[in-house]
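Below: one structure, written as structure tokens.
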Amino acid sequence: MEKIKLEMPITEAEIRELNAGDKIALSGVLYTARDAAHARLVDALERGEELPMELEGQGIYYVGPCPAKPGQVIGSAGPTTSYRMDPFAPRLIKEGLRVMIGKGERSTEVIETMKEEGAVYLGAIGGAAALIAKCIKQAEVIAYDDLGTEAVRRLEVEDLPLICVIDSNGNNLYHRAGE
């Protein structure tokens, strides 16, 4: 199967065309955030504050990258376990978040919100952090720098290799593996 080339930001229509199991080469702008940053983002929304990034059509990569070595844009950037973001993800999806990238299962509430709003969950390859880092062409902290590696970053990626784990219809590659 050939990889589907996707460019961020992405539309709901493009998201709705993806199927669990699709191989993807993602390019464009992504943001990073883990659980502490997610809590702050949702708190900001609840207070009616603007977020440090636009969520409509965007993606968040669940990663806390290692510091960059001299001459590198970013250090190793492997995915973190996604369920820690599940308490916050539905709110962000309702604000227009279309793509979440990580590893591991997602809650029923997250999957139901993905189906309602048109979002997907893409899997990054655990253990391939150095390879993933090579696809990141630019990285800058844009918010919550006090969180260190878990600060929100704006990444520019080129042909980031991913797989659609859960599509916008709720089809789940993890559940198909046992069939």
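The values are calculated or read from the model by the stated rules, or taken from the named source; none is laboratory data. All values reported here derive from a predicted model rather than from experimental measurement. Cβ atoms come from the backbone with ideal geometry, glycine included; neighbour counts cover every protein chain shown.
The rows are residues; the columns are (1) within 23 Å of Ile166 (Cβ to Cβ); (2) basic (Lys, Arg); (3) at pLDDT 95 or above.
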position	(1), (2), (3)
Ala37	yes, no, yes
Pro52	no, no, yes
Lys69	no, yes, no
Gly78	yes, no, no
Ser82	yes, no, yes
Glu109	yes, no, yes
Lys115	yes, yes, yes
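Residues in the stretch 58-91 that are aromatic (Phe, Trp, Tyr) and in a loop (DSSP other than H, G, I, E, B) were compared, and the one that is surrounded by the most Cβ atoms within 10 Å (Cβ to Cβ) is Tyr62. Is at least one residue of the stretch 164-177 among the aliphatic types (A, V, I, L, M), in a helix (DSSP H, G or I) and either closer than 28 Å to Glu49 by Cα or free of Cβ contacts under 8 Å to residues at least 60 places away in the same chain (or both)? Looking through the stretch 164-177, none of the residues is among the aliphatic types (A, V, I, L, M), in a helix (DSSP H, G or I) and either closer than 28 Å to Glu49 by Cα or free of Cβ contacts under 8 Å to residues at least 60 places away in the same chain (or both). Beta carbons closer than 8 Å, at least 6 apart along the sequence or on distinct chains, pair a first residue in the stretch 47-62 that is at positive phi and free of Cβ contacts under 8 Å to residues at least 60 places away in the same chain with a second that is assigned to a loop (DSSP other than H, G, I, E, B) and polar (S, T, N, Q) for Gly57/Thr11.
Identify, please: which residue in the stretch 12-27 is in a loop (DSSP other than H, G, I, E, B) and acidic (Asp, Glu) and is, among those, surrounded by the most Cβ atoms within 10 Å (Cβ to Cβ)?
Taking the stretch 12-27 first, the residues in a loop (DSSP other than H, G, I, E, B) are 17-22.
Pick out the ones that are also acidic (Asp, Glu) and you get 17, 22.
Working: Glu17: 12, Asp22: 20.
Once the filter is applied, the top-ranked residue is Asp22.
Residue count for the stretch 118-134, restricted to those that are assigned to a helix (DSSP H, G or I) and either over 11 Å from Ala77 (Cβ atoms) or more than 14 Å from the chain's Cα centre (by Cα) (or both): 5.
Condition check ((1) in a helix (DSSP H, G or I); (2) aliphatic (A, V, I, L, M); (3) in contact (Cβ under 8 Å) with a residue 40 or more places away in the chain; (4) touching a Ser or Thr at 6+ places or on another chain (Cβ under 8 Å)) across all residues:
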| position | (1), (2), (3), (4) |
| --- | --- |
| Lys5 | no, no, yes, yes |
| Ile10 | no, yes, yes, no |
| His38 | yes, no, yes, no |
| Asp43 | yes, no, no, no |
